[in-house]
Every structure is written in C-alpha cells, then in structure tokens.
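Student: This is the structure I have questions about; it appears just below.
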Amino acid sequence: MKIAAMILGIIGGLAGLVGAIFALFLGGIGGAFGAAGAGLIAKLGFLAIPFSILGIVGGALANTHPRASGFLMLASALGGVISISLAYSIAAILLLIGGIFSLIESRKVQPASSQPLAAPNEEDLTINPLPWYRRKSTWAAVAAVLILPVVFAAAAGSITDSNTAPAAPKDEFNYTVEVNGLGVIKGKELNNVGFAISDIQRTTSVGDRFTNRQAQGEYIIVHLIVANNKNEKITMNTAAFKLVDAQGREYSHSTSAENALTLSKQGQAFKFQAINPGIITDGSIVFDVPSGLSDLKLQISSNISGKQGYLPLQVLKETASNTPAPSAPSPASTAPQEEPAKPAANVAPVDLHGKWHGENEGFSFTLNLHWDEGYFRGSHSSIKKPNAMRTDGFGKEITITGQFANSTTQVIAWKSGYSPNSKGKAEISLIDKNTLHWKIISEQGQHYLPQEMTLTRISK
C-alpha cells in the first residue's frame, strides 16, 4: 500500500502541475482579449503550483513517513481544488486516494508480545518510536502546508495585474502630439508607445438606419492616437483598453457598436492590426457604460506596449507655459494671460450656445454648439436636397471643435459624418442675437455640408 500511495501522490502532483499550467494559459489568453477575471484565473493557477509540489513531496515520503505523507497529499488535494476547481479534479482524486492509503498504512502498529525482545532487524529500524505530534517530519510537513502557499500567493500577486484600478500616483504625461484644430495635446508614453486622447463623445446610439445600435446605458466613444516609437512592430487590439471608474469597476469595449460606427462611416474603430515602428495612427474605441458616469480613466493593457498605464478620460491640452515646441497658432489669442484655459465665468461673452438651423435650395443644415472652459464642442446634421438622398452627421457625434475667441467671428474645425477622412475649417459669424452665418474656408475629402448658409437660433 505504501508503494501505491507513493505512485498516486507523485502522479497526482504532476497532474496538478498540468492543471495549474492550464489555468495560467487560460488566464493569459483571457488577459490578451480583455476578458473579465482573467487576472484572477492566472493568479489562482499560480497558487495551485505549490499545492502540486506538496503532493509530489507527499508521494515521495509515503514509504518512509506515511503519516506526514498522508497529510501532505490531503492538503495538496484540498488546496488545489480550492485554487483551480475542475482543472485540479483528476489530481485531487489521485492525491486523496494516495493520502488515505498513507494514513491507513501509518496506523498499522505491531501488537505487543510477551516474548523476549529480539534484536531489531533492518526493517524495524525504519519505524520511528516517537508519537506523531513529537516528530520533526510532522511539523515540517505542517510548516510546508502553511508557508509555501503564502509565499507563492505573494509572488502571484506581484506578477499579475490587479483587478481594481490603483489609487494611483499622479499620472505623468510624457507624450505630446499636435492635432489639427486642437493644437498640442498630452498623453502617456509606455515603453516607447505613445497614447493620447484627442476626442470624447457621448451618445445613446451609433450607426445609420441600416447599422444602428442602441446603448444599454450610453456609448462613450474615445478617439485615441497611438504612436509606435519602438524598434519593432506592435499589435493594436481594442480589447486591450477598458474604462475604469472611481470604484474600480471595469467596462470593456463594445464590438457591435464599433462595427456600426465603421460601417456607417461615422468614424473608424481600431482594428486588430500591426503597427510598424515610426507609425502614428488613430481610431475610435466604443464603450457601453451607465448613463452619466463620470470620473473615468482609460486603462491601457500591457499587451500592447508591455507596460500597463492609465489616462484620465479627457482631452489634455498642452498649455503655453510648458510647450517645448511651437504649435500651430490659434485664430485669435487676445484672451487674458492669467487663466487662458478658463475665463472668469463659464459664460461666453459672445453667446453662440444653442441649436441653429437653416434651409436653402440645396441643404437643410443644423448646428448644435456649446462652449466650455475656453473651447467649442458641437455637432451638425446636414441633409442634401432634393429628396434627402445624402446625409452628413446625425447631430450626436462631436464634429465641431475649436478654441473660443472673444469675437463675433470664430474659426472652428469640422469633420464630416459622411466620410471619416473628410474635414476642414469654417468661419461662423454672429450677425445678431439669433442669427449666425456659416462659411467653409477650407475642406478636404467628400462631404455634404453647405459651403455657406445663414442660420437662425431655434433653442438655447
């Protein structure tokens, strides 16, 4: 029975190692695709390794120390099942049987005899006369059961990512890039890969009438710039990005919404693709989150650059005081220097807030404009007449951006909702309190926006 216990213990321990490696593999694959709980699976797989080693050690001791061997194999079976459940099932059965065999063998005590004691033979010398609780081997086994899993658990925690957002030290924004219409924006460089958020949009649906997708809460569309400054290619994958709220809850990207965004030509979602060294590319990532959620961070997985990082969910503009290189001049720069990004009151001196609409023979055109902290944000909706055969924008996506100047004439940047590569600049002039003049002054690509039109404010 000792031999059987030894074989079962060693085979069971080896089977446990296979199960632990399988759990680590599943956790790694899940992490690569952004699956929830992947880090926990990898951590538990790592924790199952010491329990498997205990089983092997228990099997090796079955012939000489059956009691300690039995306890080790039973502890290995129990700990492995708690760690990785079904992946440890075969190993647990073998270790359980082996442990029982060892404990049965340890209870086989020779009955007392009235015959004179004979000289002990070599086999008798292997029997330890001390009770089990006074044997060093027993307490060594107990120490191994208690200490090894703790050591391995600490190591697992140090090599796997946490499932909650860190109460992080302040982010250092060590990457900058110039964006048309915005100027220089800041981001983060992780292992020579730069990331910067250039636009954020919130909407309840994406797509056109053929591809429309409705959000369960609301969609947050993050427009991200990625620069590969490494000496080798990197693989871009939207599953490597998550939104994390202040409570540490994680929100994965929505593949269906990203497909609708791309197919309707309202934007271009990132693809699963390789980015060669020296290439800067951009694209959108769509998240479905509860409505009105704030205080969010964009989590960047280590699967892209080899290092995990976070960006606050906002467009970080480089201020004039710490811009190392000259940026494109803004259309007007007469704002006071004390607080260039925030005027004294959050009300524009020239009031362009609201919804503006105009009609002519060629177009029905609507602008939604709002101003906040020195910058314009807005959307447009344009219908080409007659018969509404062409549309451009749906009034939800942010397509109008610009820096506010205290003037009745503003220059803004626009992008087309018809073609993701179409963009330009327009001049908007406040004629009177409720009348606005729109005029395109530069354009690129195909679009269906009017070249010039007078609009009337229909709401604020």
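Student: Just checking, does segment 448-456 include any residue being in contact with a Leu (Cβ under 7 Å, 6 or more places away or on another chain) and either farther than 13 Å from residue 393 by Cβ or β-branched (Val, Ile, Thr) (or both)? Walk me through it before giving the result.
Tutor: First, the residues of segment 448-456 that are in contact with a Leu (Cβ under 7 Å, 6 or more places away or on another chain): 455.
Next cut, either farther than 13 Å from residue 393 by Cβ or β-branched (Val, Ile, Thr) (or both) only: 455.
Yes, because at least one residue in segment 448-456 is in contact with a Leu (Cβ under 7 Å, 6 or more places away or on another chain) and either farther than 13 Å from residue 393 by Cβ or β-branched (Val, Ile, Thr) (or both).
Student: I've got another one for you. Regarding residue 206, is this residue closer than 16 Å to residue 300 by Cα and not charged (D, E, K, R)?
Tutor: No, not satisfied.
Student: Exactly one of these conditions fails for residue 415: (1) surrounded by 20 or more Cβ atoms within 10 Å (Cβ to Cβ); (2) of a type outside the set (A, V, I, L, M, F, W, C); (3) modelled with pLDDT of 90 or more. Give me its number.
Tutor: Going through (1) surrounded by 20 or more Cβ atoms within 10 Å (Cβ to Cβ); (2) of a type outside the set (A, V, I, L, M, F, W, C); (3) modelled with pLDDT of 90 or more one by one, residue 415 breaks only (3).
Here's the yes/no breakdown for (1) on the phi > 0 side of the Ramachandran plot; (2) modelled with pLDDT of 75 or more; (3) among the charged types (D, E, K, R); (4) in contact with an Asp or Glu (Cβ under 8 Å, 6 or more places away or on another chain):
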site: 365; (1), (2), (3), (4): no, yes, no, yes
site: 368; (1), (2), (3), (4): no, yes, no, no
site: 373; (1), (2), (3), (4): yes, no, yes, no
site: 379; (1), (2), (3), (4): no, yes, no, yes
site: 382; (1), (2), (3), (4): no, yes, no, yes
site: 386; (1), (2), (3), (4): no, no, no, no
site: 392; (1), (2), (3), (4): no, yes, yes, no
site: 396; (1), (2), (3), (4): no, no, yes, no
site: 400; (1), (2), (3), (4): no, yes, no, no
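Student: If you take the residues of segment 349-371 that are within 18 Å of residue 452 (Cβ to Cβ) and of a type in the set (S, T, N, Q), which of them is surrounded by the fewest Cβ atoms within 10 Å (Cβ to Cβ)?
Tutor: 360
Student: Does residue 57 fit the bill of being open to solvent by 50 Å² or more (accessible area, probe 1.4 Å), over 15 Å from residue 1 (Cβ atoms) and modelled with pLDDT of 85 or more?
Tutor: Yes, satisfied.
Student: Go through segment 304-316 residue by residue and tally those that are modelled with pLDDT under 85 and surrounded by fewer than 19 Cβ atoms within 10 Å (Cβ to Cβ).
Tutor: 3
Student: Can I ask one more? Name the residues in segment 81-107 that are open to solvent by 60 Å² or more (accessible area, probe 1.4 Å) and of a type outside the set (Ser, Thr, Tyr), would you?
Tutor: 81, 82, 86, 90, 93, 96, 97, 100, 101, 104, 107
Student: While we're looking at this one, here's another question. Specify which of the listed residues (227, 257, 246) is surrounded by 19 or more Cβ atoms within 10 Å (Cβ to Cβ) and either out of contact with any strand residue (DSSP E or B) (no Cβ under 8 Å at 6 or more places or on another chain) or assigned to a strand (DSSP E or B) (or both).
Tutor: Of 227, 257, 246, the one residue that is surrounded by 19 or more Cβ atoms within 10 Å (Cβ to Cβ) and either out of contact with any strand residue (DSSP E or B) (no Cβ under 8 Å at 6 or more places or on another chain) or assigned to a strand (DSSP E or B) (or both) is 227.
Student: Collect the residues in segment 423-437 that are touching a strand residue (DSSP E or B) at 6+ places or on another chain (Cβ under 7 Å) and either part of a strand (DSSP E or B) or free of Cβ contacts under 8 Å to residues at least 12 places away in the same chain (or both), keeping them in residue-number order.
Tutor: Listed by number, the residues that qualify are 423, 424, 425, 426, 427, 428, 429, 430, 431, 435, 436, 437.
Student: Let me ask something else. Tell me, which residue of segment 439-460 that is within 41 Å of the chain's Cα centre (by Cα), surrounded by 16 or more Cβ atoms within 10 Å (Cβ to Cβ) and not aromatic (Phe, Trp, Tyr) is farthest from residue 423 (Cα to Cα)?
Tutor: This residue is 450.
Student: I would also like to ask the following. Among 278, 267, which is the only one that is assigned to a loop (DSSP other than H, G, I, E, B), touching a residue at least 12 places away in the same chain (Cβ under 8 Å) and touching a His at 6+ places or on another chain (Cβ under 8 Å)?
Tutor: Going through 278, 267 in turn, just one is assigned to a loop (DSSP other than H, G, I, E, B), touching a residue at least 12 places away in the same chain (Cβ under 8 Å) and touching a His at 6+ places or on another chain (Cβ under 8 Å): 267.
The values are calculated or read from the model by the stated rules, or taken from the named source; none is laboratory data. Just so it is clear, the model here is predicted, and its values are computed rather than measured. Positions of Cβ are backbone-derived with ideal geometry, glycine not excepted, and every protein chain shown enters the neighbour counts. All accessible areas refer to the heavy atoms of the entire protein, side chains included, with ligands and DNA or RNA removed. Shrake-Rupley method; radii C 1.70, N 1.55, O 1.52, S 1.80 Å.
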